[in-house]
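First the structure, in the form of structure tokens, and then the observations on it.
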Amino acid sequence: ETGVTQTPRHLVMGMTNKKSLKCEQHLGHNAMYWYKQSAKKPLELMFVYNFKEQTENNSVPSRFSPECPNSSHLFLHLHTLQPEDSALYLCASSQDFVTDTQYFGPGTRLTVL
Amino acid sequence: TQLLEQSPQFLSIQEGENLTVYCNSSSVFSSLQWYRQEPGEGPVLLVTVVTGGEVKKLKRLTFQFGDARKDSSLHITAAQPGDTGLYLCAGGVAGNNRKLIWGLGTSLAVNP
């Protein structure tokens, strides 16, 4: 595997479900990011981790819970989501958190029913 | 609030035509990146420009960063169907480069 991988690629869940998104980067980077991409909106930065420590949480609702066990893996735990949370969730990584060049995974297309 | 405006929003052209898309802001950026995103995939970095007036070429793609580092353009020569996708620009904020300011993108369709 190379680059940034994300699983699953597609996820359909009910509002009462609990699910997790997984991201893994094989680039030796130290910073990882979660973004939300919705139609007609710019990419929204959700969370930033640098050396496993969360450095940014952009007022994301608590129904989204990130976890970064090491510099290569990032999870986004989901529970009691709303239909408006349906979007493409993108993971990205960069060499460090002050480097502006980010490399993206293919995303998870999430649909909340 | 810093914004990046991209134009046009949508562009549909025939194979072989040339095109230019724009990324404009009233804010100064320390760097600017262009990404291409295909349906169902994440954005793929095309180029990063950091110096005002800088021009970079990637095969048939020419990227320019404005002298004042507030705007950028992407010119494609002799477009091909493989160029189809969403072109996104993102500006790095000086002193806070981990936060990129994103445009909405230009959706390009190149018809054979």
Calculated from backbone phi, Karplus (6.51, -1.76, 1.60) coupling profile of the range A:68-73 in Hz, x at Gly/Pro: 10, x, 7, 5, 9, 10
Would you mind checking A:LYS22/B:LYS99; A:LYS36/B:LYS59; A:LYS22/B:LYS57 for any pair whose Cα atoms are more than 27 angstrom apart? A:LYS36/B:LYS59; A:LYS22/B:LYS57
Output for chain A (equivalent-ellipsoid semi-axes, sqrt of 5λ from the C-alpha gyration tensor, Å, descending) is 22, 14, 13
What is the order of A:PHE64, A:PHE97, fewest Cβ neighbours within 10 Å to most? A:PHE64, A:PHE97
Cα-based Rg and Dmax for chain B, where Dmax is the largest Cα-Cα distance (Å): 13.4, 44
Within straight cross-link reach of B:LYS56, meaning Cα distance under 19 Å, which lysines are found once same-chain residues fewer than 8 apart are removed? B:LYS70
Sort by residue number and report every cysteine in the protein assembly as shown with no other cysteine beta carbon within a distance under 4.7 Å. A:CYS68
When Lys and Arg each count +1 and Asp and Glu each count -1, what net charge do the other residues less than 15 Å away from A:LEU78, Cβ to Cβ, add up to? +3
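Computed from the coordinates by the stated procedures, all read-outs in this text should not be read as laboratory data. All values reported here derive from a predicted model rather than from experimental measurement. Positions of Cβ are backbone-derived with ideal geometry, glycine not excepted, and every protein chain shown enters the neighbour counts.
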